[in-house]
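Structure first, commentary second.
The values are calculated or read from the model by the stated rules, or taken from the named source; none is laboratory data. Keep in mind that this is a model prediction, so the values were computed, not measured. Quick reminder, even Gly has a Cβ in these numbers, built from the backbone with ideal geometry, and neighbours come from all protein chains shown. For accessibility, only protein heavy atoms count, side chains too; no ligands or nucleic acids. Shrake-Rupley method; radii C 1.70, N 1.55, O 1.52, S 1.80 Å.
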Amino acid sequence: MTETSVKVEIFNTTFSIRCTDEADRDYLISLSKYVDRNMFEIARKGNLSDTTNIAILTALNIADELKQEQMKREESFSKLRNRTRKLIELIEEVKDEDS
């Protein structure tokens, strides 16, 4: 596997990040753009200029987005498990009636 690096700009700072292939490169660029947009939005909304504070607030916002999605996914899985359990019970009842 050949490693290359990609240059990305986040909040007016250029970073060189190693990646393994074109898909990895595109993904890193996409992530970087997402973080960059979020940092500028937080700086604008909060009228902030300190890069560290902006980065920390951005990290917290992105962590919150991730946690919310994880909770939604877990809720969906829980509902699916319950529905599956109910279907299995119904199948067992019908199966027992046919016996």
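Checking Phe15 against (1) open to solvent by less than 80 Å² (accessible area, probe 1.4 Å); (2) not in a helix (DSSP H, G or I), only one condition comes out false. Which one?
(1)
Which of the residues spanning region 54-81 are open to solvent by 90 Å² or more (accessible area, probe 1.4 Å), within 10 Å of the chain's Cα centre (by Cα) and not charged (D, E, K, R)?
Residue satisfying the conditions is Leu66 alone.
Only one of (1) in contact (Cβ under 8 Å) with a residue 12 or more places away in the chain; (2) open to solvent by 70 Å² or more (accessible area, probe 1.4 Å); (3) touching a helix residue (DSSP H, G or I) at 6+ places or on another chain (Cβ under 9 Å) is not met by Ser49, so which one is it?
Against the list (1) in contact (Cβ under 8 Å) with a residue 12 or more places away in the chain; (2) open to solvent by 70 Å² or more (accessible area, probe 1.4 Å); (3) touching a helix residue (DSSP H, G or I) at 6+ places or on another chain (Cβ under 9 Å), Ser49 comes up short only on (1).
Residues in region 18-46 that are hydroxyl-bearing (Ser, Thr, Tyr) and open to solvent by 90 Å² or more (accessible area, probe 1.4 Å): how many?
Let us first name the residues in region 18-46 that are hydroxyl-bearing (Ser, Thr, Tyr), namely 20, 27, 30, 32, 34.
Checking which are open to solvent by 90 Å² or more (accessible area, probe 1.4 Å) leaves us with 27.
The number of residues fulfilling the criteria is 1.
Checking Ile10 against (1) surrounded by 10 or more Cβ atoms within 10 Å (Cβ to Cβ); (2) modelled with pLDDT under 95: exactly one of these is not met. Which one?
(2)
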